[in-house]
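Student: Sharing a structure, written as C-alpha cells. Questions coming.
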Ligand code: KIV
C-alpha cells in the first residue's frame, strides 16, 4: 500500500511510530521498501556519505536529482522525501521551481532546513508537501553541537516548531536536541516529530543508513549500529584480492565450457593459423 502524507499524520494520531531512513541508491531503496520503512529519504547527506564531499553545502540540485531518480525506481510503498540542497530555496520562486523539479522526478515531498516561513508557506500554497527541519541544521551550522540547551534556546526551538506547524509543514525533523524538548513538541504538535539525536520520545526516528549499517567511520552517541559493514566489506575485498592473486577465487562450479567436439574442432581449426 502506497503511503501518503495522511498515512503519516494518522500514525501520529494513533500513537504509532514513524520509521524513516536516508537512502541514496536503488538497491538500498528496494530493501528499505521491502522492510516497510515509512519514509525513504534522499538526504543531502548523500554528499558526505556517497559523493566524498566534505560538506552538505557542496551538494547540487543535479546531485539530488540523480540520486532521487535511482531511489524512486526502488520505492513502491514508502513516502519518498527529498532534501532541498543548500541555496536551492533562497527565494520563494526558486524554491518552488526546484521543489517542482523534485516532484516531477518522483518525490512525494521536500524537506528544508531552518525558519523559512515565507518559503514554506509559498510551497504549501502551491501544493508542495513540506517537512521542516530544526535543531541542528547542517547546511547552516558550522559546528555539530546539541541545540536548544539554554532556557532561551529551548524556548525559541519550541516557539519556532509551533510556528512551522502553523506554516503548514506536514512533519518536523528535529536534529540533535535534548530529548526533553522533542518530548514536549511530540505532545504539543499534531504533525509527526521525527528525531535524529533527539531522544526516545519523538513520534518517529530517522537515521543515516550508512551509520546504522556501520559503513561510516564516524561514531555518534545518537546512533545504534546494527552491523559493521565497513570492516566486513573491506574484509571481503581483501579476501577477493588474495584469492584472485593465488588463483583460488574460481572453481569448476563457476565456469562455462565448450562442448568437447566443438573444442576439438576449434583446436584443429586454429592449429594452422
Ligand atoms: O540529509 C540528511 O540526512 C538529513 C538528516 C540529518 C535528517 O537531513
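The values are calculated or read from the model by the stated rules, or taken from the named source; none is laboratory data. Note that the structure is predicted; figures quoted are calculated from it, not measured. For neighbour counting, all protein chains shown are included, and Cβ atoms are generated from backbone atoms with ideal geometry for every residue, glycine included.
Student: Just a yes or no: is a residue in segment 27-36 within 20 Å of residue 138 (Cα to Cα), assigned to a helix (DSSP H, G or I) and modelled with pLDDT of 95 or more?
Tutor: no
Student: Considering every residue within segment 75-97, establish whether at least one is free of Cβ contacts under 8 Å to residues at least 40 places away in the same chain, farther than 21 Å from residue 18 by Cβ, buried (at least 17 other Cβ atoms within 10 Å of the Cβ) and within 14 Å of the ligand (Cβ to nearest atom).
Tutor: Yes, segment 75-97 has at least one match.
Student: Sticking with this structure for a sec: Which of the residues spanning segment 219-231 are away from the ligand (no atom under 13 Å from the Cβ) and assigned to a loop (DSSP other than H, G, I, E, B)?
Tutor: Result: 219, 221, 224, 225, 226, 227, 228.
Student: Got a number for residues in segment 200-217 being touching a strand residue (DSSP E or B) at 6+ places or on another chain (Cβ under 9 Å), assigned to a loop (DSSP other than H, G, I, E, B) and either outside the structural domain of residue 176 (by TED's automatic domain parsing) or more than 17 Å from residue 24 (Cβ to Cβ) (or both)?
Tutor: 3
Student: Now for a different question. How many residues are in contact (Cβ under 8 Å) with a residue 24 or more places away in the chain, farther than 18 Å from residue 206 by Cβ and part of a helix (DSSP H, G or I) when one looks only at segment 59-73?
Tutor: Count: 6.
Student: Only one of 29, 35 is away from the ligand (no atom under 13 Å from the Cβ) and within 13 Å of the chain's Cα centre (by Cα); which? Spell out how you get there, then give the answer.
Tutor: Working: 35 fails: within 13 Å of the chain's Cα centre (by Cα).
The conditions single out 29.
A quick yes/no check of all residues on (1) closer than 26 Å to residue 78 by Cα; (2) surrounded by fewer than 16 Cβ atoms within 10 Å (Cβ to Cβ); (3) modelled with pLDDT under 95:
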{"residue": "109", "(1), (2), (3)": "yes, no, no"}
{"residue": "114", "(1), (2), (3)": "yes, no, no"}
{"residue": "119", "(1), (2), (3)": "yes, no, no"}
{"residue": "125", "(1), (2), (3)": "yes, yes, no"}
{"residue": "128", "(1), (2), (3)": "yes, no, no"}
{"residue": "135", "(1), (2), (3)": "yes, no, no"}
{"residue": "144", "(1), (2), (3)": "no, yes, yes"}
{"residue": "150", "(1), (2), (3)": "no, yes, no"}
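Student: For residue 49, work out the one condition from (1) more than 12 Å from the ligand (Cβ to nearest atom); (2) in contact (Cβ under 8 Å) with a residue 24 or more places away in the chain; (3) surrounded by fewer than 24 Cβ atoms within 10 Å (Cβ to Cβ) it doesn't fulfil.
Tutor: (1) is the only condition that residue 49 fails.
Student: Hey, among 208, 181, 196, 212, which residue is within 13 Å of the ligand (Cβ to nearest atom) and crowded, with 24+ Cβ neighbours inside 10 Å?
Tutor: Just one listed residue meets the conditions, 196.
Student: Separate question: Going by the structure shown, is residue 259 surrounded by 11 or more Cβ atoms within 10 Å (Cβ to Cβ) and not assigned by TED's automatic domain parsing to the domain that holds residue 173?
Tutor: no
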